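Visitor: One structure follows; several queries about it will come next.
The values are calculated or read from the model by the stated rules, or taken from the named source; none is laboratory data. Quick caveat: nothing in here was measured; it's all calculated off a predicted structure. Cβ placement follows ideal geometry from the backbone for every residue including glycine, while neighbour counts extend to all protein chains displayed.
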């Protein structure tokens with residue numbers, strides 16, 4: 001861990017709220033990407049995000065620095081996100097705010113920006129993936145962890161992670177092709193939806 | 001004919017194995033033997049080269065797909081929650097109130113809504129149980145007088 005980060009961590013451990021705020025602000029976007037990647041754009045995302053940092057705060061004195069703060073926070077975020085997925089499945093309730101919605105408009109895009117449109121489609125495709133594939137794709141490709149790190153964080157054998165990466169990507173291809181086909185179909189039917 | 005089908009199946013089997021190697025090559029080290037096999041397949045097959053490009057494009061698209069930022073004020077809300085949990089109410093009174101309210105409200109909102117609906121339904125079907133004047137703090141006579149006011 002870098003010296004500066006170590007210092008901030010020590011201050012946070014001693015109850016320095018400003019130091020802990022610095023940690024939150026530094027890792028907020030990384031955690032939001034992970035949680036959103038796993039849960040989609042639902043109302044629970046903010047709650048899970050907050051809970052991630054609260055759990056970190058509660059265990060901060062046990063944090064030995066074996067991994068970086070970012071990795072530790074990501075592990076907490078993944079566990080909370082996966083628990084939330086299990087909870088949704090168990091309850092089998094449908095609340096519109098629980099269902100992943102479309103991602104917000106990309107501020108980089110203008111009207112008819114194809115790249116922005118493609119990003120939205122990819123994000124939608126990710127939400128349609130089985131969570132076990134989605135999680136490895138989020139960690140490996142979006143968060144940038146190595147395959148070994150991904151396996152360690154998820155406590156899975158390396159072979160399983162590799163298999164899920166391959167199957168997840170293949171499945172994503174199928175999903176994206178079917179989304180594309182539907183869009184082309186709408187355009188072809190001329191029913192005003194295209 | 002059967003021999004042709006067998007050959008085709010074997011070819012597909014080889015293709016599947018090489019395709020697996022192709023996927024694996026992005027995320028793990030291949031052995032020398034695997035690397036040579038994959039390179040040979042890529043060298044002879046334009047379709048495999050296109051497949052490699054498609055996988056690369058997909059991985060790039062996933063890596064750059066938008067994550068959603070938390071709502072503005074995330075750090076403030078998180079710190080308020082931290083203080084609440086650690087029993088250190090040093091935040092503003094408004095922060096604490098809304099944080100508490102949100103937590104309590106979520107838990108009872110659904111139960112309360114169900115109870116209210118049940119009560120209303122029961123009240124409608126058993127009119128004598130809860131008299132109108134108890135609910136509205138006004139008797140039928142008072143209602144009559146109200147309805148005679150000029151505004152009506």
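Visitor: Check residue A:35 against each of (1) away from chain B (no Cβ under 14 Å); (2) assigned to a helix (DSSP H, G or I); (3) in contact with a helix residue (DSSP H, G or I) (Cβ under 8 Å, 6 or more places away or on another chain) and name the one condition it does not meet.
Guide: Unmet condition: (1).
Visitor: Of the conditions (1) buried (at least 21 other Cβ atoms within 10 Å of the Cβ); (2) out of contact with any strand residue (DSSP E or B) (no Cβ under 9 Å at 6 or more places or on another chain), residue A:5 satisfies every one except a single condition; which number is it?
Guide: Condition (1) is where residue A:5 drops out.
Visitor: Another question, then. Given (1) at pLDDT 70 or above; (2) loosely packed, with under 10 Cβ neighbours inside 10 Å; (3) not in a helix (DSSP H, G or I), where does residue B:128 come up short, assuming only one miss?
Guide: (1)
Visitor: Continuing with the same structure: Working only within segment B:32-68, note down all residues that are away from chain A (no Cβ under 14 Å) and part of a loop (DSSP other than H, G, I, E, B).
Guide: If the condition is that a residue be away from chain A (no Cβ under 14 Å) and part of a loop (DSSP other than H, G, I, E, B), then B:45 is the only one that fits.
Visitor: Among the numbered criteria (1) assigned to a loop (DSSP other than H, G, I, E, B); (2) modelled with pLDDT under 85; (3) surrounded by fewer than 20 Cβ atoms within 10 Å (Cβ to Cβ); (4) within 16 Å of the chain's Cα centre (by Cα), which single criterion is violated by residue A:96?
Guide: Answer for residue A:96: the failing condition is (4).
Visitor: Tell me whether segment A:86-93 contains one or more residues that are assigned to a helix (DSSP H, G or I) and surrounded by 13 or more Cβ atoms within 10 Å (Cβ to Cβ).
Guide: Yes, that holds for at least one residue.
Visitor: Counting only residues that are within 15 Å of residue B:26 (Cβ to Cβ) and more than 9 Å from chain B (Cβ to nearest Cβ), which one in segment A:137-147 is surrounded by the fewest Cβ atoms within 10 Å (Cβ to Cβ)?
Guide: So, considering only residues that are within 15 Å of residue B:26 (Cβ to Cβ) and more than 9 Å from chain B (Cβ to nearest Cβ), the one surrounded by the fewest Cβ atoms within 10 Å (Cβ to Cβ) is A:145.
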